[in-house]
There are 2 protein chains.
Amino acid sequence: MTRNVGIYIFDEVEVLDLGGPFEVFSTASRMKLRLAPDTAKPFEVFTVADTLRPVRARGGLTIQPAFELTDHPAIDVLIVPGGEVGAELKREVLIAWIARTSAKASLTASVCTGAFLLAKAGLLAGKTVTTHWEDVADLRAMFPDLTVVDDRRWVDAGDVVTSAGISAGIDMSLQLVARLEGEELAVRTARQMDYDWRRLP
Amino acid sequence: MTRNVGIYIFDEVEVLDLGGPFEVFSTASRMKLRLAPDTAKPFEVFTVADTLRPVRARGGLTIQPAFELTDHPAIDVLIVPGGEVGAELKREVLIAWIARTSAKASLTASVCTGAFLLAKAGLLAGKTVTTHWEDVADLRAMFPDLTVVDDRRWVDAGDVVTSAGISAGIDMSLQLVARLEGEELAVRTARQMDYDWRRLP
């Protein structure tokens, strides 16, 4: 069984917020196929944006989205990265898409300020969550029903997982690989990436 | 003074090999402007590819190059990421471009298997270098005049710096920020990225 990992991208998305999870899930697939060439690859990773117009990530990296909001394959794992999310928070069509897509997904995860978008879509109500250390106070102020912690790399709240700033999305994604495909594949993926996986949240 | 950081990209480039350095240099610029709003930004980061045709990175992330080999701004810091470099090694036009661009740059750096491209361009002759742990034996076999080490995150050989696998490009890029703009900015950049910078090579 192949799980579709859909990463939402937008203008001013943080490069590593999307690049970290993309690297982890695609490398995990590659590693799995090395170990077991005859199995289906565990993850198919793709980007989804508002339209098919190129997206300008923070710092100017230009990414061509694979799919648009109105037409994409079913998403099993929805990843919402952060960056400058102010404009995104005001887009009702997007917030409704996140709520709808998450409801059909088995897992939804945010990196950094992507947590604001999940909160706005009502996915974090009553949950313990985290975000970039610089934005903890704002997330608490905007969404007082959340318990926002600032001492963990990620918080696993079951079907919704939030991670701290930028690089923490790598550690969280490795944890999701461990949850979905087993610890051994996650360890091999981290080793392949030469990454010192911080396995404790 | 703003330094132009040019990152070469190609089909099957490893996502984090390019995304890590892109994130580090662009975040360093953002942090510097916060500290000193009236100064020039220290780094302008952009991608350069063979042509302006979109590049398909490993796993399928599609990147629109900012510039092409025959027409780009002067490059002060040349970054050559890795990935599947077999096809790239055979491209004489590219190898000549790397040699020429490096000669005019103040610093040239590789991530992961990008070291093979620097070696092919003659930039590593007689030097101590590193690459992804999986490719150390191949690099030694193909270029017997190099001293290839496998126990460091990066090797600073002065005007040429090579780094180990995938995520090591983040640590190396932070080290380059420290060299070029001072330790304090590199520490702030790592903190902003929530990254546990491995400061020892």
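Read the figures in this text as sums done on the coordinates, not as results from a lab. Owing to the predicted nature of the structure, the values given are computational and were not obtained by experimental measurement. As a convention, Cβ positions derive from the backbone with ideal geometry for all residues, glycine included, and neighbour counts pool all protein chains shown.
When all alpha-carbon pairs of the protein assembly as shown are counted, what percent fall beyond 31 Å? When all Cα pairs of the protein assembly as shown are counted, 33 percent exceed 31 Å. Model label sites at B:Val149 and A:Arg100, defined 7 Å from Cα along the beta-carbon direction, differ in position by 5.6 nm. In this label model, B:Asp38 and A:Arg199 are separated by 5.2 nm, measuring between points 7 Å along each Cα→Cβ vector.
What Kirkwood hydrodynamic radius do you get for the range A:100-190 when you take the inverse of the mean 1/r over all pairs of distinct Cα atoms, in Å?
Details: mean 1/r = 0.0759 Å⁻¹.
The answer is 13.2 Å.
The spacing between the range A:5-68 and the range B:105-177, judged by their C-alpha centroids, is 26 Å.
When only C-alpha pairs under 8 Å and at least 6 residues apart count, what is the relative contact order of the range A:30-137, in percent?
Working: 132 pairs, mean separation 21.5, N = 108.
Rounded, it is 20 percent for the range A:30-137.
Taking every DSSP beta bridge with both residues inside chain B, roughly what % is antiparallel (nearest 5)?
Numbers: 7 of 27 bridges.
Expressed as a percentage, antiparallel bridges in chain B total about 25.
Shape analysis of chain A yields a ratio of the Cα radius of gyration to the Kirkwood radius, Rg/Rh, of 0.94. Taking amide H as placed 1.01 Å from N in the peptide plane, B:Gly83 has its amide H under 5 Å from the amide H of B:Glu14, B:Thr113, B:Gly114, each at least 5 places away in sequence or on another chain. Computed over the range A:138-201, the alpha-carbon pair-distance distribution with 5 angstrom bins reads 4, 17, 26, 23, 14, 8, 5, 3, 0, each value a whole percent.
Take A:Ser106, push a point 7 Å out from Cα through the beta-carbon direction, and compare it with the same point in every other copy: 5.1 nm, smallest first. For a straight C-alpha distance cut-off of 28 angstrom, the lysines reachable from B:Lys127 (same-chain residues fewer than eight places away being disregarded) are B:Lys90, B:Lys104.
Which whole number gives the average count of other chain Cβ atoms within 10 Å of the Cβ atoms across peptide B:161-169? Kindly include the intermediate steps, with their values, before the conclusion.
On the way: counts 0, 0, 1, 1, 5, 6, 11, 3, 1.
Rounded to a whole number, the mean comes out at 3.
Considering only alpha-carbon pairs that sit under 8 angstrom and 6 or more positions apart, the relative contact order computed for the range A:3-192 is 22 percent. Eigenvalues of the alpha-carbon gyration tensor of the range B:22-89, scaled by 5 and square-rooted, set the equivalent ellipsoid semi-axes at 27, 14, 11 angstrom, largest first. Here the label points at B:Arg53 and A:Trp133, each 7 Å from Cα along the C-beta direction, are separated by 4.5 nm in the simple model. With θ taken as phi - 60° and the Karplus curve 6.51 cos²θ - 1.76 cosθ + 1.60 applied, the whole-hertz 3J(HN,Hα) list for the range A:132-145 is 4, 4, 6, 10, 4, 4, 5, 5, 4, 5, 6, 10, x, 7 Hz, x standing for glycine and proline. The rotation axis taking chain B to chain A passes closest to this chain B residue's Cβ, listed with the gap in Å: B:Gly19, 2.
Of all DSSP-defined beta bridges confined to the protein assembly as shown, some 30% are antiparallel rather than parallel. Using only alpha carbons, the range B:1-45 has a radius of gyration to Kirkwood radius ratio (Rg to Rh) of 1.08. Relative to the other identical copies, B:Arg191 shows label-point distances of 3.6 nm, where the label point lies 7 Å from Cα along the Cβ direction and values run shortest first.
Each Lys or Arg adds one and each Asp or Glu subtracts one; over the other residues with Cβ under 11 Å from the Cβ of B:Glu181, this totals +3.
Evaluate E = 1/(1 + (r/R0)^6) for B:Asp11 and B:Glu184, where r is the Cβ-Cβ distance and R0 equals 45 Å; express this FRET efficiency to the nearest 0.05. After rounding to 0.05, the efficiency reads 0.70.
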